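Working notes, structure below.
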Amino acid sequence: MNTLKDRLLTDNEISPLIISADKVAHVQMNNPLQHALLVLIKSGYTAIPVLDSSFRLRGMISKSLILDSLLGDEDFELDRLSTLTVSDSMMQDVPCIRPDAPFSKALSLSINHPFLCVVDENQSFSGILTRRSILALISKYLHQPSK
Ligand code: AMP
């Protein structure tokens, strides 16, 4: 009889769980902050990846980072939405994983991050892995009859 642990470790690659880059909402570093805020609001996501023109991962931008950048001494300074760019506000330290990483690594990283960016050794972006898809796989195995 296979335990849940056995099943998760046998299915050892994360690649089937990756949301491919063409389905991931993203912005570029030189986009005005206003554009990033629009993409975040329209997509409903809290945070999205920031890529460069060669599709390499450069950071992550979120609604809270944008609000933080708009905060002046006393008020929100909305003109900064057009004067600042994504690179002024983005976070560069982004949780990443390789496409051939084992499931156990993705599971550990996803404890602290709602999504991980999937990149190769050149930071070339191939998609994201969400905590939701990891939990869905664990739930599937947990509820499947044992072999
Ligand atoms: P979810 O598990 O679907 O709620 O997604 C968790 C987080 O992953 C979202 O809040 C976004 O930050 C990010 N995310 C999920 N799907 C996408 C997508 N298609 N494009 C960009 N970001 C996404």
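The values are calculated or read from the model by the stated rules, or taken from the named source; none is laboratory data. The structure displayed is predicted, hence computed values, not measured ones. Methodologically, a virtual Cβ is constructed for each residue, glycine included, from the backbone with ideal geometry; neighbour enumeration extends over all protein chains shown.
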>> If I ask for residues that are closer than 29 Å to ASP120 by Cβ and away from the ligand (no atom under 16 Å from the Cβ), which ones from the stretch 62-94 would you list?
In response: THR85, SER87, ASP88, GLN92
>> Being surrounded by 12 or more Cβ atoms within 10 Å (Cβ to Cβ) and at pLDDT 95 or above is the requirement here; does ILE66 meet it?
In response: yes
>> Which pairs turn up if I take residues in the stretch 125-139 that are at positive phi and look for partners that are part of a helix (DSSP H, G or I) and near the ligand (Cβ under 9 Å from one of its atoms) with beta carbon separation below 8 Å, at least 6 apart in sequence or on another chain?
In response: GLY127/LYS23
> Could you list, in sequence order, the residues of the stretch 95-124 that are within 15 Å of ARG56 (Cα to Cα), in contact with a Lys or Arg (Cβ under 9 Å, 6 or more places away or on another chain) and within 11 Å of the ligand (Cβ to nearest atom)?
Replying inline: LEU116
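Here is a yes/no grid of residues against (1) at pLDDT 90 or above; (2) of a type in the set (A, V, I, L, M):
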site	(1), (2)
ASP6	no, no
ASN30	yes, no
LEU33	yes, yes
VAL39	yes, yes
> Taking the stretch 119-147 only, how many residues are over 12 Å from PRO99 (Cα atoms) and assigned to a strand (DSSP E or B)?
Replying inline: 1
>> Pairs please, first residue from the stretch 41-63 and polar (S, T, N, Q), second anywhere and near the ligand (Cβ under 10 Å from one of its atoms) and assigned to a strand (DSSP E or B), Cβ atoms under 7 Å, 6+ apart in sequence or on different chains.
In response: THR46/SER62; SER62/ALA47
